[in-house]
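Asker: Take a look at this one; I'll ask things after.
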Amino acid sequence: MFALVFLSACAHVETRLPVPNQAALRKESNTQEHQAFIRYAQQLSRLDKISTKLLQANAPICEKTFQDMGVRTHTLKSYPKHLRDAAKRQLGAKKHPTILSVRDNAQLSKMDSLLDQRANPTSVRNKALQETLKTEQAEIQIRRGDKTLSVPVTSNLACDYKVSLRMSGAVNAYATGKSIIITTAMMDFAKTDEELALVVGHELAHNTMGHILKIIQNTILSGFATRTTRPFEAEADYVGLYYMARAGYNMDGVETFWRRLGVKNPKSIVRAKSHPVTPARLLSIRMTAQEINAKRTSGQALLPNALKPTQQNP
């Protein structure tokens, strides 16, 4: 009885609202969807350009590497469930892997499928395909429409961490230990290629330094009482700037990225929770850049200073 009384008392609007017809609604939905995926494709092209430069330049000091043939493959599962129909319409995404974009190897095209030893569609990280790419004058099998073709390809050694773009309004980037994810909002926030290289380098450092596993181990050892991450975030800032410098990016003034982020999120200026405060991050980046420039001047290898001397590749 009480529920009925409560429901009958619910407030209602008092004006006659316009109701779009379904045809107009579908048309506008398609327009917004189309523009969203154009933006996504443009941002993905920028991210691929910058991340490829970082991953290839730092391959000599990465433990995990792969042969990068300059293509990005995707499937419907590359996208959140609510975007899969749109990805199918706008980008041609399918259940099996197909090429989404091509940076190198003009013989390959969007919508081609890379094939494994059983002639099934696969990604560039397929083990057998990777072994083929290591050979001189490598040739791979692809499917283009109804045809199966053998094409010559080239590749470059790169750090083996997949970099993905996620549609999200949150200014964020994170590493999983195996991959790097950058949001579309972060792509907008990183105004220059140098700033984006700073972000990708930071996340790459999380992976190469094993931070994800270390954080999990520390959490377990503490009996889940604490989850200390700030020292690892500071180390990722430090090591990531080396990665950026090794890739040839200009470091001058890139630290002001953290000033803009602090202005956007004022709490981060004074509150160090999972990350150091943004003023400390700015100053640390500036000091690291000075350290790197000093090594360049003296002809030293651009390698982060380790707590204990180790044998490292140049």
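Asker: Name the residue that is farthest from R143 (Cα to Cα), counting only residues in segment 87-112 that are among the aliphatic types (A, V, I, L, M) and within 21 Å of the chain's Cα centre (by Cα). Even if it seems obvious, please write down each step before you answer.
Answerer: Our first condition is that a residue be among the aliphatic types (A, V, I, L, M); within segment 87-112, this holds for 87, 91, 93, 99-100, 102, 106, 108, 111.
Still in the list and also within 21 Å of the chain's Cα centre (by Cα): 87, 91, 93, 99-100, 102.
Values: A87: 21, L91: 18, A93: 15, I99: 11, L100: 14, V102: 15 Å.
It comes out as A87.
Asker: Another question, then. With closer than 28 Å to T75 by Cβ, in contact (Cβ under 8 Å) with a residue 60 or more places away in the chain and of a type in the set (D, E) as the only criterion, which of D193, D160 stands out? Steps first, please.
Answerer: Values: D193 fails: closer than 28 Å to T75 by Cβ.
Going through D193, D160 in turn, the sole match is D160.
Asker: Yes or no: G177 touching a helix residue (DSSP H, G or I) at 6+ places or on another chain (Cβ under 8 Å) and on the phi > 0 side of the Ramachandran plot?
Answerer: Numbers: touching a helix residue (DSSP H, G or I) at 6+ places or on another chain (Cβ under 8 Å): yes; on the phi > 0 side of the Ramachandran plot: yes.
Against the criterion (touching a helix residue (DSSP H, G or I) at 6+ places or on another chain (Cβ under 8 Å) and on the phi > 0 side of the Ramachandran plot), G177 qualifies.
Asker: I would also like to ask the following. From the list T184, T176, T154, T148, exactly one residue is surrounded by fewer than 15 Cβ atoms within 10 Å (Cβ to Cβ) and either among the aliphatic types (A, V, I, L, M) or within 12 Å of the chain's Cα centre (by Cα) (or both). Which is it?
Answerer: Working: T184 fails: surrounded by fewer than 15 Cβ atoms within 10 Å (Cβ to Cβ); T154 fails: either among the aliphatic types (A, V, I, L, M) or within 12 Å of the chain's Cα centre (by Cα) (or both); T148 fails: either among the aliphatic types (A, V, I, L, M) or within 12 Å of the chain's Cα centre (by Cα) (or both).
None of the others qualify; the one that does is T176.
Asker: Given A306, A245, A272, A289, which one is in the same structural domain as A205 (by TED's automatic domain parsing) and closer than 17 Å to P231 by Cβ?
Answerer: Details: A306 fails: in the same structural domain as A205 (by TED's automatic domain parsing); A245 fails: closer than 17 Å to P231 by Cβ; A289 fails: closer than 17 Å to P231 by Cβ.
Of the residues listed, the single one that is in the same structural domain as A205 (by TED's automatic domain parsing) and closer than 17 Å to P231 by Cβ is A272.
Asker: Please enumerate the residues belonging to segment 250-274 that are more than 21 Å from A185 (Cβ to Cβ) and either part of a helix (DSSP H, G or I) or in contact with a Phe, Trp or Tyr (Cβ under 9 Å, 6 or more places away or on another chain) (or both).
Answerer: Of everything in segment 250-274, just one residue is more than 21 Å from A185 (Cβ to Cβ) and either part of a helix (DSSP H, G or I) or in contact with a Phe, Trp or Tyr (Cβ under 9 Å, 6 or more places away or on another chain) (or both), namely V270.
The values are calculated or read from the model by the stated rules, or taken from the named source; none is laboratory data. Keep in mind it's a predicted model, so treat the numbers as computed, not measured. Methodologically, a virtual Cβ is constructed for each residue, glycine included, from the backbone with ideal geometry; neighbour enumeration extends over all protein chains shown.
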